[in-house]
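Structure in structure tokens, see below.
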Amino acid sequence: MRFDPALAAQEAFHQAEVELGIDWDMAVELEETFSSNAGSTAREAYEGLLALARQYPQAHSFQAFCIYITWQQVTEETIARHFETGVKLCEAYLVKREARTGLDGEQIEELYGSFRAGLGLEEEDEIQAEYKKDTPKGGD
């Protein structure tokens, strides 16, 4: 990795305050539980954060935060479920053009490759990359 996912998670989390509005306090409580515990307590807080993220699909910073902490989950417990969750979160994040700008977008793309590699999925070949580049996107 060319960046520290834990530091990126902290930065993205702080940027998410305005995105979450009235649910910010709950997010803070869940994040504190996640960060200061291990085992089932941390896992429950992590699942709570992901549930909150599902309620705010347009909250780009919070979505990025959830991707970063999913990588932390991978490093704590290397199981396919975490890699699969990471792939799904990254794909949902990267499909949104407005989310793909800036540093988070680059870092999420890097994590996407790592999540895919963890599942044994092959790197995108040149033909697939060219197809993706040439495929029209909605809203252009």
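Output the residue which, of all residues in the stretch 35-59 that are of a type in the set (A, V, I, L, M, F, W, C) and in a helix (DSSP H, G or I), is most open to solvent (accessible area, probe 1.4 Å).
Looking at the filtered set, the residue picked out is A51.
Can you find a residue in the stretch 62-78 that is surrounded by fewer than 20 Cβ atoms within 10 Å (Cβ to Cβ), more than 13 Å from the chain's Cα centre (by Cα) and either at pLDDT 95 or above or in a loop (DSSP other than H, G, I, E, B) (or both)?
Among the residues of the stretch 62-78, at least one is surrounded by fewer than 20 Cβ atoms within 10 Å (Cβ to Cβ), more than 13 Å from the chain's Cα centre (by Cα) and either at pLDDT 95 or above or in a loop (DSSP other than H, G, I, E, B) (or both), which makes the answer yes.
For the stretch 3-20: of the residues being hydrophobic (A, V, I, L, M, F, W, C), part of a helix (DSSP H, G or I) and in contact with a helix residue (DSSP H, G or I) (Cβ under 8 Å, 6 or more places away or on another chain), which is surrounded by the most Cβ atoms within 10 Å (Cβ to Cβ)?
A12
All but one of (1) surrounded by fewer than 20 Cβ atoms within 10 Å (Cβ to Cβ); (2) out of contact with any Leu (no Cβ under 8 Å at 6 or more places or on another chain); (3) under 20 Å from H14 (Cβ atoms) hold for A92; state the number of the condition that does not hold.
Looking at each condition in turn, A92 falls short on (3).
What are the residues in the stretch 21-34 that are crowded, with 16+ Cβ neighbours inside 10 Å and either without any contact (Cβ under 8 Å) to a residue 12 or more places away in the chain or within 18 Å of T75 (Cβ to Cβ) (or both), if any?
E31, F34
Residues in the stretch 37-44: is at least one within 22 Å of C90 (Cα to Cα) and modelled with pLDDT of 95 or more?
So the first thing to find is which residues in the stretch 37-44 are within 22 Å of C90 (Cα to Cα), and the list is 42-44.
Now narrow it down to the ones that are modelled with pLDDT of 95 or more: 44.
Within the stretch 37-44, one or more residues are within 22 Å of C90 (Cα to Cα) and modelled with pLDDT of 95 or more.
Another question, if that's okay. Just a yes or no: is a residue in the stretch 29-49 under 15 Å from the mean Cα position of the chain (by Cα) and of a type in the set (A, V, I, L, M, F, W, C)?
Within the stretch 29-49, one or more residues are under 15 Å from the mean Cα position of the chain (by Cα) and of a type in the set (A, V, I, L, M, F, W, C).
The values are calculated or read from the model by the stated rules, or taken from the named source; none is laboratory data. The structure displayed is predicted, hence computed values, not measured ones. Ideal geometry is used to build each Cβ from the backbone, glycine not excepted, and the neighbour counts take in all protein chains shown. The accessibility values were calculated without ligands, DNA or RNA, using every heavy atom of the protein model including side chains. Shrake-Rupley method; radii C 1.70, N 1.55, O 1.52, S 1.80 Å.
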